[in-house]
């Protein structure tokens with residue numbers, strides 16, 4: 001674990017093998033850090049497994065974490081947002097926030113049942129909007145109680161100087177619920193963060209309000225020539241190549 005001086009945690013969505021096996025994924029996240037955890041339901045097809053886990057006795061394991069959030073669906077949205085928002089709003093109170101991709105919600109008013117648990121994430125350069133502070137302003141006008149998740153890698157794709165990321169923090173620090181931290185490939189795919197990523201992002205991370213949870217979207221790679229594998233094991237990556245993969 002890097003020493004950020006902030007509560008850190010892991011997204012359960014980083015490993016496609018266990019992403020719907022919430023008991024196993026939560027146990028792995030606890031080994032990474034008990035500062036926070038993000039339960040990933042990035043597809044609406046993941047919601048039944050998440051709901052079943054949160055209603056089970058095994059969900060008592062979440063009590064060890066300083067903060068519990070959920071990443072809501074961004075694909076397979078066939079049921080429509082009024083129904084999905086109702087299901088997300090019904091999640092138990094231990095879930096303090098639900099991270100959402102605003103570009104997937106045609107009518108942001110559909111998220112109103114979530115109240116202050118609605119947590120809007122800035123998008124990457126592949127999207128047509130919601131990437132910068134100015135582009136997110138209308139979303140927060142539509143959802144005045146919503147909070148903010150700063151995705152540092154997304155902001156880097158928009159502006160590698162990270163001035164756009166600093167502008168997001170300037171505008172929405174008062175709404176900030178958590179931060180997503182990872183590396184990212186040229187194709188926009190999240191990969192594990194490395195020491196080089198932390199050096200690049202450190203000036204921004206040093207500005208975060210005290211106590212802000214930092215969610216790693218894949219396990220931290222202190223040795224960039226190694227990659228995480230299913231089950232929490234580590235394998236050498238041939239040729240010392242930069243790690244690829246991570247949370248989908």
Condition met for residue 160 (free of Cβ contacts under 8 Å to residues at least 24 places away in the same chain and surrounded by fewer than 19 Cβ atoms within 10 Å (Cβ to Cβ)) | yes
Quick check: is even one residue across the range 192-214 surrounded by 12 or more Cβ atoms within 10 Å (Cβ to Cβ), in a strand (DSSP E or B), out of contact with any helix residue (DSSP H, G or I) (no Cβ under 7 Å at 6 or more places or on another chain) and modelled with pLDDT of 95 or more?
-> yes
Scan of the range 141-153 for residues that are buried (at least 20 other Cβ atoms within 10 Å of the Cβ) and touching a helix residue (DSSP H, G or I) at 6+ places or on another chain (Cβ under 7 Å), ordered by number = 143, 146, 147, 148, 150, 152
From 49, 109, 61, 25, which residue is buried (at least 20 other Cβ atoms within 10 Å of the Cβ), assigned to a helix (DSSP H, G or I) and touching a residue at least 12 places away in the same chain (Cβ under 8 Å)?
-> 25
Within the bounds of the range 2-22, is there any residue that is farther than 18 Å from residue 182 by Cα, free of Cβ contacts under 8 Å to residues at least 60 places away in the same chain and part of a helix (DSSP H, G or I)?
-> yes
Output for the range 33-45, where each listed residue is touching a helix residue (DSSP H, G or I) at 6+ places or on another chain (Cβ under 8 Å) and more than 19 Å from residue 177 (Cα to Cα) = 44
Could you figure out which of (1) free of Cβ contacts under 8 Å to residues at least 24 places away in the same chain; (2) buried (at least 19 other Cβ atoms within 10 Å of the Cβ); (3) not in a helix (DSSP H, G or I) isn't true of residue 93?
-> (2)
Of the residues 124, 145, which is in contact with a strand residue (DSSP E or B) (Cβ under 8 Å, 6 or more places away or on another chain), in a loop (DSSP other than H, G, I, E, B), closer than 23 Å to residue 67 by Cα and touching a residue at least 24 places away in the same chain (Cβ under 8 Å)?
-> 145
For the range 65-85, enumerate the residues that are assigned to a helix (DSSP H, G or I), surrounded by fewer than 15 Cβ atoms within 10 Å (Cβ to Cβ) and either at positive phi or touching a helix residue (DSSP H, G or I) at 6+ places or on another chain (Cβ under 6 Å) (or both).
-> 82
From the options 154, 180, residue that is at pLDDT 90 or above, under 16 Å from the mean Cα position of the chain (by Cα) and part of a helix (DSSP H, G or I) = 154
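The values are calculated or read from the model by the stated rules, or taken from the named source; none is laboratory data. Since this is a predicted model, take the numbers as computed values, not measurements. Counting neighbours? That spans all protein chains shown, and the Cβs are built from the backbone with ideal geometry, glycine included.
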